[in-house]
Amino acid sequence: MDQMIIDAGQKRIGSQQCDICNFVYVPTDQEDAKLHRQVHKKFEGVIAFHGWKNERVVYDDVDFRIIQVKYDDDRRHWQKAEDVLEVVDKSLGVNYRNDGTRSGREAFLAVANEEKQVIGFVLAENVSTSDIVSRSYLKDGELRVVQDLPDANSKRLVGVSRIWVRPSAQRRGLATRLVDALRQRRRFPGGVVPKGDLALSHTTEMGEKFASSYFGRSDYLVYRTT
Ligand SMILES: CC(C)(COP(=O)(O)OP(=O)(O)OC[C@H]1O[C@@H](n2cnc3c(N)ncnc32)[C@H](O)[C@@H]1OP(=O)(O)O)[C@@H](O)C(=O)NCCC(=O)NCCS
Ligand SMILES: [Zn+2]
């Protein structure tokens, strides 16, 4: 038994643990070092994006742009949105793998032009008539319902399923820009989606702070799948 441990130990001579992502690897081993870079990038929410020839740019700023990707776009484009979603879900600690069937899905990716990385993400979808809609807010980590809205014309509500901005890019108005872009660009009867027709799928403490600022009131629409 001891011998096995020693053997394993010898194999990993020179190994070290990354202070940031906790990955144990041998820096001099090229394969190992490469694996660490991948794990580390995911941990930090770094998502490379080298651009597409036919990307749908819906907002263009000096250092970043916002790209709209629809569910029925080029498969590779939607796949990229799903890859981002995976990183986002990891950082949010959620996993709704089965919601791929929801209708009206589209993503908005904020991409840093120089770094060529995704720095923000919004995933929108239709709120379905079977969803439970309420006017709620978050307190001490729990959702408090102010009012259930069983008659909400939920078919028209636009669900904000995920909203995420990379830590290093937060508090610069990026989430605001992303949600504005969604409201302006989503196909919606009558044009721009009014703020009051947006519902959030779930909230975190940060999401709560953003939402109360964005909506200008302490409670907002939340939808849940039955
Ligand atoms: C929530 C989140 C998307 C906000 O992104 P953001 O780009 O930093 O938001 P904005 O810069 O547009 O914020 C607009 C306003 O919302 C409020 N706000 C946003 N984040 C806040 C925070 N962490 N603390 C306090 N107020 C906050 C502020 O009033 C802010 O305006 P100000 O910076 O001028 O004070 C981002 O913090 C995030 O990705 N968090 C982790 C993921 C998450 O929790 N997502 C929500 C649940 S799906
Ligand atoms: Zn690391």
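Each value in this text was obtained by applying a stated rule to the coordinates, not by laboratory testing. Quick caveat: nothing in here was measured; it's all calculated off a predicted structure. Methodologically, a virtual Cβ is constructed for each residue, glycine included, from the backbone with ideal geometry; neighbour enumeration extends over all protein chains shown.
Laid out as a table, the results:
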| quantity | calculated |
| --- | --- |
| Calculated FRET efficiency for the pair Asp60/Lys34, C-beta based, R₀ 30 Å, to 0.05 | 0.30 |
| Length-normalised contact order for the chain - Cα pairs under 8 Å, 6+ apart - percent | 16 |
| Separation of the His202 and Asn22 label points, Cα + 7 Å toward Cβ, nm | 2.0 |
| Three-way shape label, the stretch 101-222, alpha-carbon gyration tensor, a/c 1.5 | oblate |
| Extension reserve of the Lys209-Lys195 stretch, reckoned as 0.36 nm per residue once the Cα distance is removed | 3.5 nm |
| Per-residue Cβ neighbour rank within 10 angstrom, fewest leading, Trp78, Trp164, Trp52 | Trp52, Trp78, Trp164 |
| Over the chain: helical MRE at 222 nm, DSSP H runs n ≥ 4 each giving -39500 (n - 2.57), nearest 500 | -9000 deg cm²/dmol |
| Spatially close lysines, pair count over the stretch 47-224: Cα under 18 Å, gap of eight or more or interchain | 9 |
| Inter-centroid distance (Cα atoms) of the stretch 132-190 relative to the stretch 10-62, Å | 30 |
| Trypsin sites (Lys or Arg not before Pro) restricted to DSSP loop in the stretch 32-104 with at most 12 other C-beta within 10 Å | Lys53 |
| Surface/4 estimate of mean projected area, convex hull on alpha-carbon atoms of the chain, nm² | 16.5 |
